Amino acid sequence: MITTLSGDTSRLLATVDFVREQDTAALLPLLFPGLDGPELRSLVEHCRFSHAALLVFPSDEAELRAMLSACGLVAGPPARPSVVVRERLAVRHRRPAAELDVGILRPAVAGTDGEHRTVEVFALTVPPGSGLEEIAACERERQYEAHVAFEVVAPDPLVLRGLASAFARHGAVPDGGGHNPHENGTVFYFGVSAEAKAGYRRVELYVPGDHRDVLADHLDGHRTRQPAGTLLRLLTGAWTTQALATFAQLRVPDAMDGERGIAVTELARAVGARPGNLATLLRYLAMLGVVEEGHAGFRLTGLGALLRAGARGRCGRWR
């Protein structure tokens, strides 16, 4: 355990130093080579460097707090659930999201330029004997969740689309994202080009509020760049159609909530389905963005809401 703690603490200390030393105007050109002049000034005007993030693996809350303290960080309020990272881990390692206890802490760091920033600490709790040690080892090696983030100053859809377009012009590609209902914020992830010189290969745009309409376009761009995912969708098109039809015919969307999660057992009672079968259906639909799985259960997304009876924009009927 000591080796694990010192390794994660070392990575955390390096992240703190990075956040303290960087600023928006200097960091953007490092991430997006060729960005300068009026375009750089425009981006600096509309977004600001807010944090750098990493994923750590404490055995419990006490170990996490000790790690933060060793880095001179004040933990602050208890960790909040991380919807986006938990789902990414679940997909990457083929584990049920409910088994992955991932929280977010954002201890403050003062920059040398006087700006107040944070270190975003994602913590996957790995109790001894939990069977999650292999996930922790892989994630430490690959650093999938390490990224730098910029917060959008004015959460306007046009500004957001403009920032995403500017990133793309300088080599960035969509790399996922999501909406976290626990804090009502939307994140857009990008992968940066190999020429980037900041030491990070992923960038996040964070926008307060629910911007899943813009996010849908971003995620479509992510999916089209994943050949294996594209092939899978071609091979499983009939399954998807059948799953959506069953979902609508059982009136599951009408029994679900768009803001809070509902347990599978409760949904099964409401629609007259077997809990095990319904759970399998919902987890498949979660991969399509129709529902989202959280600690409390499943909630309906904006896309899934189109399958409610009488929903505006619904294309025909499932027969």
**Fill in**
Length-normalised contact order of the chain, Cα under 8 Å, at least 6 apart, in percent, tallies to 15 percent
**Prompt:** Within the chain, which DSSP H helices have Cα atoms that stretch 30 Å or more along the helix axis and a mean Kyte-Doolittle hydropathy of at least 1.6?
**Reply:** none
**Prompt:** Given R₀ = 35 Å, FRET efficiency for Arg65-Met287 by Cβ-Cβ distance, to 0.05?
**Reply:** 0.50
**Message:** Among Cys47, Cys71, Cys138, which one shows the highest mean-square fluctuation when the chain is modelled as a Gaussian network with alpha-carbon springs under 10 Å?
**Reply:** Cys138
**Message:** If a paramagnetic tag sat 7 Å from the Cα of Lys197 along the Cα-Cβ line, which residues of region 143-170 would have the backbone N under 18 Å from that point?
**Reply:** 170
**Request:** Would you mind estimating how fast region 2-109 diffuses translationally, via Stokes-Einstein at 10 °C and 1.306 mPa s with the Kirkwood radius over Cα pairs, in µm²/s?
**Result:** 99 µm²/s
**Message:** Counting heavy atoms of the protein chains only and a 1.4 Å probe, report the per residue accessible area for the chain as a whole number of Å².
**Reply:** 49 Å²
**At R0 = 51 Å, FRET efficiency that the Cβ-Cβ distance of Ala25 and Ala309 yields, to 0.05** = 0.50
**Equivalent ellipsoid semi-axes, region 139-187, via Cα gyration tensor eigenvalues times 5, rooted, Å** = 21, 17, 9
**Prompt:** Most fluctuating residue of Gly185, Gly76, Gly297 in a GNM of the chain with Cα springs under 10 Å: which is it?
**Reply:** Gly76
**Message:** Applying a 10 Å radius around every beta-carbon, put 161-169, 176-184 in order of their mean neighbour count, most first.
**Reply:** 176-184, 161-169
**Prompt:** Using the alpha-carbon centroid of each, what span in Å lies between region 126-171 and region 51-79?
**Reply:** 18 Å
**Message:** How far apart, in nanometres, would the label points at Gln143 and Ala270 be if each is projected 7 angstrom from Cα along the Cα-to-Cβ direction?
**Reply:** 4.4 nm
**Complete:** Note: Ala263 to Glu183 extended length (0.36 nm per residue) minus current alpha-carbon separation gives 26.7 nm
**Message:** Please report the equivalent ellipsoid semi-axes of the chain, computed as sqrt(5 x eigenvalue) of the Cα gyration tensor, largest first, in whole Å.
**Reply:** 34, 25, 17
**Request:** Before rounding to the nearest 500, sum -39500 (n - 2.57) across all DSSP H runs of length at least 4 in the chain and divide by the residue total; then give [θ] at 222 nm in deg cm²/dmol.
**Result:** -13500 deg cm²/dmol
**Request:** Could you work out the Kirkwood radius for region 141-223, taking every pair of different alpha carbons, averaging 1/r and inverting it, reported in Å?
**Result:** 13.0 Å
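The values are calculated or read from the model by the stated rules, or taken from the named source; none is laboratory data. All values reported here derive from a predicted model rather than from experimental measurement. Cβ coordinates were reconstructed from backbone atoms using ideal geometry, including for glycine residues, and neighbour counts include every protein chain displayed. Each accessible area value is taken on the protein alone, full model and side chains, heavy atoms only, with ligands, DNA and RNA left out. Shrake-Rupley method; radii C 1.70, N 1.55, O 1.52, S 1.80 Å.
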